[in-house]
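Heads up, the thing below is written out as structure tokens.
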Amino acid sequence: MADKTILQKIVERGHYKFVDRVDSWQEAVKLSCESLAKTGYVSDNYYQQIVDCIEKYGPYVVFEHYVAMPHSQEGAEGANQTAVGFMRVKEDVDFGKDEDGEQKIARLFFTLAAKDPNEHLDNMQQLMQIFTNEPLLDALMAANTPEDILKAEAEKQSAILKAEGEAEAI
């Protein structure tokens, strides 16, 4: 049997949350850690280390396409197991401006907890594939249930494989 994808692991472990709005990016980070804390993958106060890092270094966790990847520094206390948590927020979460003056807005949160370096590297590689798949990101932004996450992955991954197959046939 093939290894599970990161999105399948997120759903299987219950590491997901769907939120309509938050009052601050700090609240968003805290909420994005809740499912990881509930299952013991991180400590209850793990989120505070992430907030502290963002306050110190700026919104380095926010990327293109409304994606945020909250994480702390390597070796941070409170990461008990390696995992990724997913959270979708319907309304924009404003992280402020980066050092170049670019406004950093997020709606999809992929929160990292790293204990095992090899598993963490595998998670990062899978996340990079997700972050470059705009149709999948759009589908995840519309997700309201764990089933929506899995359906989005299945549909968008098969569309990419089909497009790649058609390109090779040309």
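The values are calculated or read from the model by the stated rules, or taken from the named source; none is laboratory data. If you're wondering where the values come from, they're calculated on a predicted model, not measured in any experiment. Note that each Cβ is placed from the backbone with ideal geometry, even for glycine, and that neighbours are counted across all protein chains shown. Note: accessible area is taken over every heavy atom of the protein model, side chains too, but ligands, DNA and RNA are not part of it. Shrake-Rupley method; radii C 1.70, N 1.55, O 1.52, S 1.80 Å.
Only one of (1) touching a residue at least 40 places away in the same chain (Cβ under 8 Å); (2) open to solvent by 10 Å² or more (accessible area, probe 1.4 Å); (3) farther than 15 Å from VAL19 by Cα; (4) not in a strand (DSSP E or B) fails for PRO70. Which number is that?
Of (1) touching a residue at least 40 places away in the same chain (Cβ under 8 Å); (2) open to solvent by 10 Å² or more (accessible area, probe 1.4 Å); (3) farther than 15 Å from VAL19 by Cα; (4) not in a strand (DSSP E or B), only one is false for PRO70: (2).
Being farther than 17 Å from LEU137 by Cβ, free of Cβ contacts under 8 Å to residues at least 60 places away in the same chain and open to solvent by less than 20 Å² (accessible area, probe 1.4 Å) narrows it down to one of CYS33, CYS53, so name that one. Working first, answer last.
Details: CYS33 fails: free of Cβ contacts under 8 Å to residues at least 60 places away in the same chain.
CYS53 is the lone residue from the list that is farther than 17 Å from LEU137 by Cβ, free of Cβ contacts under 8 Å to residues at least 60 places away in the same chain and open to solvent by less than 20 Å² (accessible area, probe 1.4 Å).
Name the single residue that is nearest to ASP116 (Cα to Cα) among those in segment 21-67 being among the β-branched types (Val, Ile, Thr) and in a helix (DSSP H, G or I).
ILE50
When you scan segment 123-151, how many residues do you find that are surrounded by 14 or more Cβ atoms within 10 Å (Cβ to Cβ), part of a helix (DSSP H, G or I) and in contact (Cβ under 8 Å) with a residue 40 or more places away in the chain?
Of the residues in segment 123-151, 11 are surrounded by 14 or more Cβ atoms within 10 Å (Cβ to Cβ), part of a helix (DSSP H, G or I) and in contact (Cβ under 8 Å) with a residue 40 or more places away in the chain.
Consider segment 97-115. How many of its residues are within 16 Å of ALA79 (Cβ to Cβ) and either surrounded by fewer than 12 Cβ atoms within 10 Å (Cβ to Cβ) or hydroxyl-bearing (Ser, Thr, Tyr) (or both)?
Kept after step one, since they are within 16 Å of ALA79 (Cβ to Cβ), are these residues of segment 97-115: 110-115.
Among the residues that remain, those that are also either surrounded by fewer than 12 Cβ atoms within 10 Å (Cβ to Cβ) or hydroxyl-bearing (Ser, Thr, Tyr) (or both) are: 111.
Number of matching residues: 1.
How many residues, within segment 77-93, are touching a residue at least 60 places away in the same chain (Cβ under 8 Å) and open to solvent by less than 10 Å² (accessible area, probe 1.4 Å)?
Here the count works out to 8.
Of all residues being assigned to a strand (DSSP E or B) and not basic (Lys, Arg) in segment 2-20, which is surrounded by the fewest Cβ atoms within 10 Å (Cβ to Cβ)? Just the residue, please. Before you say what the answer is, go through the steps one by one.
So the first thing to find is which residues in segment 2-20 are assigned to a strand (DSSP E or B), and the list is 16-19.
Within this subset, residues satisfying the condition of being not basic (Lys, Arg) are 16, 18-19.
Details: TYR16: 19, PHE18: 15, VAL19: 18.
Looking at the filtered set, the residue picked out is PHE18.
Looking only at segment 26-53, which residues are within 15 Å of PHE110 (Cβ to Cβ) and of a type outside the set (Ser, Thr, Tyr)?
Within segment 26-53, ALA28, VAL29, LEU31, CYS33, GLU34, LEU36, VAL42, ILE50 meet the criteria.
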